[in-house]
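First up is the structure itself, then whatever we jot down about it.
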Amino acid sequence: MTMNPFDGAHAPYVDLNSLATAYGTPLYVYSADGFIASYQGFAASLSALDSHIHFAVKANSALGVLQVLAKQGAGADIVSYGEMKRAMMAGIPPEKIVFSGVGKTDAELASALTDGIGQINAESSAEIDHIMRIAEQLDVIAPVCLRVNVNVDPKSHAKISTGQRSTKFGIPVDDGQAKILYKAICQNPHIKPMGLAVHIGSQLTELEPFETAYLELLGLADRLRADGYDVPGLDLGGGLGIDYATNQPVDFASYGRLVTRIFSNRGYRLGFEPGRSIAADNGVLLTKTIFVKDGGDKRFVIVDAAMNDLLRPTLYEAYHTIDCLSPRDPHPLPADIVGPVCETGDYLGLGRTLPDVQEGDILVVRSAGAYGAVMMSNYNTRPEAAEILLDGDKVHVLRPRRTLDELLALEHLPL
Ligand code: LLP
């Protein structure tokens, strides 16, 4: 089982306070060893299968993180040509890259095909028409997989659920569209059929929706094969959730057993697109207390990280564990940990038990390695948090904080 590298019990050598002093706050800190352990844990759980792991770059696209994973042999799941560029810069070869997403532009498709992308997961009949035309113009064969919609509720937050018919994702299986389109791509000379893909959502904390979705996918694949069509692979997406409340390690083994039970000896090459389960626990956000404000029956701990640095609490009411790194006496009142942005929704945690936090104290926001830095913005003209990577006893700055001059450099005064 993998361990949380930022859990003090396992990593007393990570002195987060001195990192905050040396590199300033707000600061994202990642653990290279943690990323490697999680990646290997995921891979080990699938060792009985013909499987290929494409890290979902959207979860953490820092070049330095992608490079660590590239050296482990990871491929990439991307959703824009920008992410493809990152993956390739980090050393992931194009043939190990899968292009997902409902709205790839012609320019993106052409660039990806020219670079030799390994697989495009198409999500509509319109997209397939565009791929065929572009492949013909470029005189290349496009490797196309069909992302299907199996109408399964992943039992996750509505904004990150993708499995139901009501969402924009995938081609429906139940009305026969997926079967018709798969047969169409098999007959086009500019397309190489790669198989079928499914991804029903993110932060799934139960295995049962995966099982339902995977059995639907397998059923369709078997029916297509029975009709004589070539279905070489099945892409099983990402979605495996983490335990934000207790920070227990991800149970890769149970997921691996489920997949092995369903797919072993079926003759399909399997693809996986994990993001959060590889990245989340291997990063933290450090933030410094600016003020502590009396809120009557609670305290407002006002910190220098805000919704522009970590959007998840604001956008999904997401819970992240937050601890104070200074030894302080207990405090009877609950604390709202809030940022400086002028919105009530700007908070990192509400109603928390925190000790008697003082100005200058560093707080650690845990499980921030996935969908943290990638979702930053400059709202309120706040430069993004910096990002560093711990690698053994070395510290690499992956992205320094921009100065205000750098932040404003691309703008023009029109008058
Ligand atoms: N594959 C596809 C096609 C996806 O859309 C996603 C995530 C993944 C793989 C990776 O899923 P994961 O293993 O990370 O669950 N910003 C949200 C999460 C959005 C997920 C979008 N798609 C959050 O902060 O919770």
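The values are calculated or read from the model by the stated rules, or taken from the named source; none is laboratory data. Keep in mind it's a predicted model, so treat the numbers as computed, not measured. When we count neighbours, we look across all protein chains shown, and the Cβ atoms used for this are built from the backbone with ideal geometry, even at glycine. Please note that ligands, DNA and RNA were not included when accessible areas were found on the heavy atoms of the full protein model with its side chains. Shrake-Rupley method; radii C 1.70, N 1.55, O 1.52, S 1.80 Å.
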If I take all pairs of Cα atoms in region 310-415, what percentage of them are more than 24 Å from each other? 38 percent
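Sorting check: for 274-284, 89-99, which peptide has the highest mean count of neighbouring beta carbons within 10 Å, and how do the rest follow?
Working: 274-284: 28.6, 89-99: 19.2.
Per-residue mean Cβ counts within 10 Å order the peptides as 274-284, 89-99.
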Which residue fluctuates most in the GNM of the chain (Cα springs below 10 Å): His157, His331, His190? His331
Nearest-ten-degree value, helix 106-115 long axis tilted from longest Cα axis of the chain: 80 degrees
Along the dipole axis of region 32-280 (charges at Cβ: +1 for Lys and Arg, -1 for Asp and Glu; origin at the Cα centre), the most positive-end residue among Leu218, Ala37, Ile141 is Ala37
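How long are the semi-axes of the equivalent ellipsoid of region 240-302, taking √(5λ) for every eigenvalue λ of the Cα gyration tensor, in whole Å from largest down?
On the way: eigenvalues 365, 31, 13 Å².
Square roots of five times the eigenvalues give 43, 12, 8 Å.
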Running a GNM on the chain with Cα contacts under 10 Å, which residue among Arg382, Arg328, Arg269 ends up with the highest mean-square fluctuation? Arg328
Would you work out the charge dipole size for the chain about its Cα centre, treating the Cβ of every Lys and Arg as +1 and the Cβ of every Asp and Glu as -1, and quote it to the nearest 20 debye? 600 debye
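Using only the alpha carbon atoms of the chain, find the Kirkwood hydrodynamic radius as the inverse mean reciprocal pair distance, in angstroms to one decimal.
Values: mean 1/r = 0.0444 Å⁻¹.
In the chain this quantity evaluates to 22.5 Å.
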Pairing the Cα long axis of helix 252-263 with the longest principal axis of the chain, what angle in degrees results, from 0 to 90 and rounded to the nearest 10? 10 degrees
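Given Cβ point charges of +1 (Lys, Arg) and -1 (Asp, Glu) and nothing else, what value in debye, to the nearest 20, does the dipole of region 32-280 about its Cα centre take? Present the calculation step by step, with values, prior to reporting the outcome.
Details: 22 positive and 27 negative charges, 35 e Å.
Here region 32-280 has a charge dipole of around 160 debye.
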Alpha carbon centroid spacing (whole Å) that separates region 368-415 from region 276-304: 18 Å
For region 1-160, what is Rg from Cα atoms divided by 2.2 N^0.38 Å, rounded to two decimals? 1.24
Hits among aspartates and glutamates - C-alpha to C-alpha of Lys298 under 15 Å, sequence gap 8 or more where chains match: Asp336, Asp356
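Can you give the alpha-carbon Rg of region 5-77 over 2.2 N^0.38 Å, where N counts its residues?
Working: Rg = 14.6 Å, N = 73, 2.2 N^0.38 = 11.2 Å.
So region 5-77 has a normalised radius of gyration of 1.30.
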Just the Cα atoms of region 32-280, one point each, no solvent: what log10 I(q)/I(0) does Debye give at q = 0.11 Å⁻¹? -0.53
Between 0 and 90 degrees, rounded to the nearest ten: what's the tilt of helix 208-226 against the longest Cα principal axis of the chain? 20 degrees
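Restricting to Cα pairs below 8 Å that are 6+ residues apart, what does the relative contact order work out to for region 32-280? Please round to a whole percent. Walk me through the numbers before you get to the answer.
Details: 495 pairs, mean separation 54.6, N = 249.
Normalised by residue count, the contact order of region 32-280 is 22 percent.
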If you take every residue apart from Arg266 with its C-beta less than 12 Å away from the C-beta of Arg266, what net charge results, scoring Lys and Arg +1 and Asp and Glu -1? +1
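222 nm [θ] for the chain, helices only, -39500 (n - 2.57) per DSSP H run of 4+, per residue, to 500? Numbers along the way, then the final one.
Numbers: 12 runs with 119 residues, N = 415.
One gets -8500 deg cm²/dmol as the mean residue ellipticity at 222 nm.
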Reduced to Cα centres, the span from region 31-83 to region 314-344 in Å works out to 31 Å
Between Tyr255, Ala158, Ala279, whose Cα lies farthest towards the positive end of the dipole of the chain when Lys and Arg beta carbons carry +1 and Asp and Glu beta carbons carry -1, centred on the Cα centre? Tyr255
In square angstrom, rounded to the nearest 10, how much accessible surface does Lys159 have for a 1.4 Å probe? 130 Å²
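Output the pairs from Lys96/Lys394; Lys71/Lys96; Lys85/Lys394; Lys104/Lys168; Lys58/Lys85; Lys96/Lys183 with a Cα-Cα distance over 19 Å in this structure; if there are none, say none. Write down the numbers at each step before the final one.
Details: Lys96/Lys394 29 Å; Lys71/Lys96 13 Å; Lys85/Lys394 26 Å; Lys104/Lys168 14 Å; Lys58/Lys85 13 Å; Lys96/Lys183 25 Å.
In this structure, Lys96/Lys394; Lys85/Lys394; Lys96/Lys183 exceed 19 Å between Cα atoms.
Could you work out the relative contact order of the chain? I mean the mean sequence separation of Cα pairs under 8 Å and 6+ apart, divided by the number of residues, in percent. Intermediate values should be presented prior to the final figure.
Working: 916 pairs, mean separation 80.2, N = 415.
RCO, the chain: 19 percent.
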